[in-house]
Amino acid sequence: MKLLIATQNAGKIRELEAILAPLGVTLSTPEEFLEVPEAIEDGETFEENALKKARHWFMATGLPTLADDSGLMVDALDGEPGVRSARYAPTVEERNAKLLAALEGILPERRTARFVCVAVFIRGHGDEVIRRGTCEGRIHSEPRGDGGFGYDPIFWVEGHGCTMAELPAQVKNQISHRARALAALQPDLIEWVKTSRRG
Ligand code: IMP
């Protein structure tokens, strides 16, 4: 029983593998399908982009597919970088530096932000499930920690007293936006596993 996780982001793949391990299914990634071009992510919302990715990879491989579109929404920047989180600047370090510069001089209480993840699971033609998860925090004054990926070093996690990059991976994988979107998808994933085993 195979499930394709439709992402090339190594950080996401690591997290999805850990979160999905209890399902006991074989995970495939786009690396196994080098002939398939990347999905075009030109939607204006996380939902649109997650659906585009999931449909693209499901159509190309025929495998049950799980895709996520995620990003960081900063209140003081009207929700930016949002769906453009991966393209906000060329490298991870430049993205974090650009965000810190954009918030220069803004007091901690006005630096509220959230990670958002929309996960889409396609079991078969027309059989699509969409779930959303969020994780609240603030943009810290400087990068801290080396766990996780992306904006984690500058994201101060509400109620944990540290940045996302300072949390152990097991903790991030319980409280993150991705973990929450997948927790909401879990009944559908379990149902799919049961049905496939019976068949
Ligand atoms: P996507 O691959 O188009 O969904 O882009 C997601 C982008 O949002 C990533 O490249 C990161 O910049 C950011 N992002 C999403 N989830 C996380 C996370 O868990 N930690 C840090 N950054 C994240």
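Read-outs: derived from the displayed coordinates by stated rules, not from any lab. Given the structure is predicted, the values throughout are model-derived calculations rather than measurements. Note that we place each Cβ from the backbone using ideal geometry, even for glycine, and neighbour counts take in every protein chain shown.
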TODO: Scan region 117-161 for chymotrypsin sites (Phe, Trp or Tyr not before Pro) in coil per DSSP, keeping those whose Cβ has at most 13 other Cβ atoms within 10 Å, and list them by number.
DONE: none
Task: Estimated FRET transfer efficiency (Ala97, Asp146; beta-carbon r; R0 22 Å; 0.05) - done: 0.85
- [ ] Tabulate in residue order the Karplus-calculated ³J(HN,Hα) for region 7-15, using 6.51 cos²θ - 1.76 cosθ + 1.60 with θ = phi - 60°, rounded to whole Hz; enter x for Gly and Pro.
- [x] 8, 10, 7, 4, x, 5, 4, 4, 5
- [ ] Work out how much length Glu47 to Ile13 would gain on full extension: take 0.36 nm times their residue separation and subtract the Cα-Cα distance, in nm to one decimal.
- [x] 10.3 nm
Open item on the list: For the chain, compute Rg over Rh where Rg is the Cα radius of gyration and Rh is the Kirkwood radius from the inverse mean 1/r over Cα pairs.
Closed with: 0.98
- [ ] Please list the non-local residues whose amide H lies under 5 Å from the amide H of Gly71, H modeled 1.01 Å from N, same-chain partners needing a gap of 5 or more.
- [x] Val116
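Can you give me the relative contact order of region 2-198 as a percent, contacts being Cα pairs under 8 Å and 6 or more apart? Please report the intermediate quantities before stating the final value.
Working: 356 pairs, mean separation 35.4, N = 197.
Relative contact order for region 2-198 comes out at 18 percent.
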Task: For region 165-175, Karplus couplings with θ = phi - 60° (6.51, -1.76, 1.60), whole Hz, Gly/Pro x - done: 6, 9, 6, x, 4, 4, 6, 4, 6, 9, 10
Open item on the list: I need the phi-derived Karplus couplings for region 147-163: 6.51 cos²θ - 1.76 cosθ + 1.60, θ = phi - 60°, integer Hz, Gly and Pro marked x.
Closed with: x, x, 7, x, 7, 3, x, 10, 9, 7, 7, 3, x, 10, x, 7, 7
Task: Length released on extending from Arg87 to Lys194, taking residue separation times 0.36 nm less the Cα-Cα span - done: 34.7 nm
Task: Cα long-axis angle, helix 177-198 against the chain (0 to 90 degrees, to the nearest 10) - done: 10
TODO: Enter the angle in degrees (range 0 to 90, nearest 10) between the Cα long axis of helix 46-61 and the first principal axis of the Cα atoms of the chain, meaning the one along which they spread out most.
DONE: 30
Task: Per-pair calculated FRET efficiency, R0 = 41 Å: Ala76 and Glu31 via Cβ, rounded to 0.05 - done: 0.60
